[in-house]
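Laboratory data are not the source of any read-out in this text; all were calculated from the coordinates shown. Every value quoted in this text rests on a predicted model; they were computed, and no experiment measured them. Methodologically, a virtual Cβ is constructed for each residue, glycine included, from the backbone with ideal geometry; neighbour enumeration extends over all protein chains shown.
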Amino acid sequence: MQSRFLLLLPVVAGATLHSGVDPNEIVQRSVKKVEADWKAAPRYSYREHDVEEKFDRNGKVKFRSVNTYQVIMMDGSEYRELIARNDEPLTPEERAEEQSKLKAERERRRNESPAAREKRVSLYQKERAQNQKMLLELVDAFNFRLTHEQTVHGRKTWVLDATPKPGYQPKSRETKVLLGMRGKMWVDEETYQWVKVQAEVIKPVSFVFGFATVAPGTEFELEQGPVSGDLWLPKHFVQRVNANVLWLHRKTFEDDTYSHYRTTSDHGGGPQVAEDR
């Protein structure tokens, strides 16, 4: 789940006042909230419903999959158990196969060598660390303005528009995409949590010596909601990608829904406290 949000975080800096509210303070406080949520997220299992489509150059769907997973923490990293396909429950045979895979993976992780475990957990943590670095980078990447207030999903929010800051120099290959993006953020006025974030690529951005290009038509939307206490986690994520890698054109669509958050035991991966959201 985390890696999909790597490009979808258009927080910005450079404050102006609007109706007595300091946008810079909104941004700084919201970033602290998101950082705290990010650190707490591994304590939770969740259900993930994924729709994935790939298109040909004429815009016709050439591949489509719809899968639902139970995602759990197991000995320091996530495990994804398939529980439905094409919005239909698995057959008894398929369900038994998935349960067998889950049992085997639990056993494998319990018995893996310290070096193997360290490698697996480090890979998972490295991905999460990359996302956190992106989060901290954003404060330097954008200018913003507070445009208005709006009620979203019953929450009163501040609406912030974000545009690339002139002269911004990316510190990594991942953050280079920020040069060609603009976005909008809805921040909850009571909690300073992100209710919704939208971002789109407005000019082509090249990577790896020009061999890969992310083009306009690439856009993202993230929606979040309260899970437990002051903790907010993703509810819905939509991503459209329009890119070229060497001579290949890539156009894809993802629609992911997250629900049934529960605290879990890291060692066994089993649910401890049910909190459907």
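Just to confirm the number: angle between the C-alpha axis of helix 92-111 and the first principal axis of the chain, 0 to 90 degrees, nearest 10?
For helix 92-111, the angle is close to 80 degrees.
Taking amide H atoms as placed 1.01 Å from N in the peptide plane, list the residues 5 or more away in sequence, or in a different chain, whose amide H sits under 5 Å from that of Tyr192.
none
Assign unit charges at the C-beta atoms only (+1 for Lys and Arg, -1 for Asp and Glu), then state the dipole size of the chain relative to its Cα centre in Debye, rounded to the nearest 20. Walk me through the numbers on the way to the answer.
On the way: 44 positive and 42 negative charges, 179 e Å.
For this selection, approximately 860 debye.
How big is the convex hull of the Cα atoms of region 52-117, per residue, in Å³? Kindly include the intermediate steps, with their values, before the conclusion.
On the way: hull volume 7.5 nm³, N = 66.
Spread over its residues, the Cα hull of region 52-117 gives 114 Å³ apiece.
Would you please give the residues with an amide H less than 5 Å from that of His236, counting only those at least 5 places away or on a separate chain, with H modeled from the backbone geometry?
Here the answer is Glu223, Tyr258, since their amide H atoms fall under 5 Å of that of His236.
Order of Thr147, Thr163 from fewest to most other C-beta atoms within 10 Å?
Numbers: Thr147 13, Thr163 16.
Lowest count first: Thr147, Thr163.
Where Lys and Arg each count +1 and Asp and Glu each count -1, what net charge lies around Gly217 among other residues with Cβ under 10 Å from its Cβ? List each step's numbers first, then the result.
Details: positive: Arg240, Lys251; negative: Glu200, Glu219.
Net charge around Gly217: 0.
Please give the calculated 222 nm ellipticity per residue for the chain, where each DSSP H segment of at least 4 residues contributes -39500 (n - 2.57) and the sum is spread over every residue; nearest 500 deg cm²/dmol? Intermediate results must be reported in sequence, preceding the final value.
Values: 3 runs with 66 residues, N = 277.
So the calculated ellipticity at 222 nm is -8500 deg cm²/dmol.
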